[in-house]
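Heads up, the thing below is written out as structure tokens.
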Amino acid sequence: MDPSCIRDADTPVRGNVLLIVLIGALAVGLSFAASPDWRGVFGSALALLMLAIAVSDIRHFIVPDVLSASAFILGLIFAGLFDDAQLAEAVLTCLLRAAAAALAR
């Protein structure tokens, strides 16, 4: 997301670009502090995706499908790489959780 578009909009986010950048930096720093390995990288990526979703939701009252799909794929990759279960079982578990969340709507 282009930071200049946040600055130009008449929304609650207007003028708070520095705050958004600081929140993103804090999220990345805390993720690496909690887990200074590849899990921290995935946590940082997920934190930045969630921040982008929050900013988009504040500005347009919509969550972009691209960001949701990216978070979903990131979760699948994370489950496949770091879950103790076999890869197929980890992916199936992740898909079942997503289906349960979708049905709960």
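The values are calculated or read from the model by the stated rules, or taken from the named source; none is laboratory data. Everything numeric here is computed off the predicted structure, so don't read it as measured data. Cβ coordinates were reconstructed from backbone atoms using ideal geometry, including for glycine residues, and neighbour counts include every protein chain displayed.
Some values worked out for this structure:
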| read-out | value |
| --- | --- |
| Any pair with Cβ under 8 angstrom, 6 or more apart, that starts in segment 15-42 at a residue that is without any contact (Cβ under 8 Å) to a residue 12 or more places away in the chain and farther than 19 Å from L74 by Cβ and ends at one that is part of a helix (DSSP H, G or I) and aliphatic (A, V, I, L, M) | N16/I6 |
| Residues being among the basic types (K, R) and more than 23 Å from G43 (Cβ to Cβ) - total across segment 59-105 | 2 |
| Tally, over segment 53-105, of residues that are in contact with a Pro (Cβ under 7 Å, 6 or more places away or on another chain) and among the hydrophobic types (A, V, I, L, M, F, W, C) | 1 |
| A52 vs. criteria under 20 Å from I73 (Cα atoms), modelled with pLDDT of 90 or more and among the hydrophobic types (A, V, I, L, M, F, W, C) | yes |
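Here is a yes/no grid of residues against (1) at pLDDT 90 or above; (2) basic (K, R); (3) assigned to a helix (DSSP H, G or I):
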| site | (1), (2), (3) |
| --- | --- |
| P12 | no, no, no |
| L18 | no, no, yes |
| I58 | no, no, yes |
| I62 | no, no, no |
| L67 | yes, no, yes |
| F72 | no, no, yes |
| G75 | no, no, yes |
| F78 | no, no, yes |
